[in-house]
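Please read the structure below before turning to the comments.
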Amino acid sequence: MKNVIKKYVKIFRRYWFEDIRDDIQNKLRPYFKHRNNDEYENKRMLDDPVYLDRYGYKVYSEADEDGIIAEIFKRIGVTNKKFVDFGAGNGLCSNSHFLLHQGWGGIWIEGSKQQCENIRKRFSFPIQQKRLSVINAFITKDNINDLIGCGDNALNGEIDFLSIDIDGNDYWIWKSITCICPRVVMIEYNAKFPPTFEWIMEYDENHLWDMSDEHGASLKAFELLGRELGYQLVGTSTNGVNAFFVKKDLTANLFPNPATAENLYHSWKGMGIINYVSGHPSKKYIGK
């Protein structure tokens, strides 16, 4: 009898909370006009081939970034196939892991000593080939150019791809980079803030993300910074995590307009709206 009661209490709580949740969302919708019809917005961007949403897929990226990156370079072409990736973790689930499989090379910068040791074990082949350089350092706006532009595998000038994901000072780091000129930039944005709102985390050299909403910057803030640096916002990942920018002189009519946060924003959706799998989990680099 006790189990039966528990079962029906659980069912009641589930549907009661869903009703309350829906009621709250309906009352808030007028204040968040960009969220008025998420399904319509997602369909709008998926149906129109100029938007990047339909091309997303996951190989080694967090969500659909691998496919979006591929589509961007399909449209603008590649030059030297060089990348710089901040916050690569152990490298396995990173935005440039799949690029290594395609003959790219570059620099990974990671603050954790243990993660760097893991990278050196798991990615020994591209490291021995001198296609991949791993730097163990905590990134600041004062050291970033030295980290990229010095050493045996230093990069300077034009490169194809820059990925920034350090859960904090991302805005300030991008603004401080002068030694390289990436053609494409992917950067994590704080999707908590609606696309009309400009918010930037105060710079803190010692910041460590505490899993709170104090990290990075809103998409609108990045849109404006990109414009200042000569970049155009071209899309966001469907899970509402990463924004993609392309050098303005390369965009022509290849990407959506208007190139604004209001037009290209995705709210945070966990694993996104596209169903996809990427096979068995990765334990080491298996490319050539």
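The values are calculated or read from the model by the stated rules, or taken from the named source; none is laboratory data. Computed from a predicted model, the values in this text were never measured in an experiment. With ideal geometry, Cβ positions are generated from the backbone for all residues, glycine too; neighbour counts draw on all protein chains shown.
Checking the structure you have, find out if any residue of segment 99-106 is under 28 Å from residue 76 (Cβ atoms), in contact with an Asp or Glu (Cβ under 8 Å, 6 or more places away or on another chain), hydrophobic (A, V, I, L, M, F, W, C) and in the same structural domain as residue 221 (by TED's automatic domain parsing). Yes; the residues of segment 99-106 include at least one that is under 28 Å from residue 76 (Cβ atoms), in contact with an Asp or Glu (Cβ under 8 Å, 6 or more places away or on another chain), hydrophobic (A, V, I, L, M, F, W, C) and in the same structural domain as residue 221 (by TED's automatic domain parsing). Scanning segment 102-117 finds no residues that are surrounded by fewer than 16 Cβ atoms within 10 Å (Cβ to Cβ) and touching a residue at least 60 places away in the same chain (Cβ under 8 Å).
When only residues in segment 99-113 that are in a helix (DSSP H, G or I) and at pLDDT 95 or above count, which is farthest from residue 288 (Cα to Cα)? Restricting to residues being in a helix (DSSP H, G or I) and at pLDDT 95 or above, the top hit is 99. Looking only at residues that are among the polar types (S, T, N, Q) and assigned to a helix (DSSP H, G or I) in segment 13-70, which one is modelled with the lowest pLDDT? Filtering segment 13-70 for residues that are among the polar types (S, T, N, Q) and assigned to a helix (DSSP H, G or I), the one modelled with the lowest pLDDT comes out as 25. Looking at segment 119-237, the strands (runs of 3 or more DSSP E) lying wholly inside it that each contain 2 or more residues that are surrounded by 22 or more Cβ atoms within 10 Å (Cβ to Cβ) and in the same structural domain as residue 86 (by TED's automatic domain parsing) sit at 157-164, 180-188, 231-236.
Could you run through segment 238-257 and say how many residues are closer than 21 Å to residue 172 by Cα, not in a helix (DSSP H, G or I) and not hydrophobic (A, V, I, L, M, F, W, C)? Matching residues across segment 238-257 total 3. Annotation for segment 71-87: at least one member residue is in contact with a helix residue (DSSP H, G or I) (Cβ under 8 Å, 6 or more places away or on another chain) and at pLDDT below 95. In the condition set (1) out of contact with any Asp or Glu (no Cβ under 8 Å at 6 or more places or on another chain); (2) at negative phi; (3) not polar (S, T, N, Q), residue 187 is compliant with all but (1).
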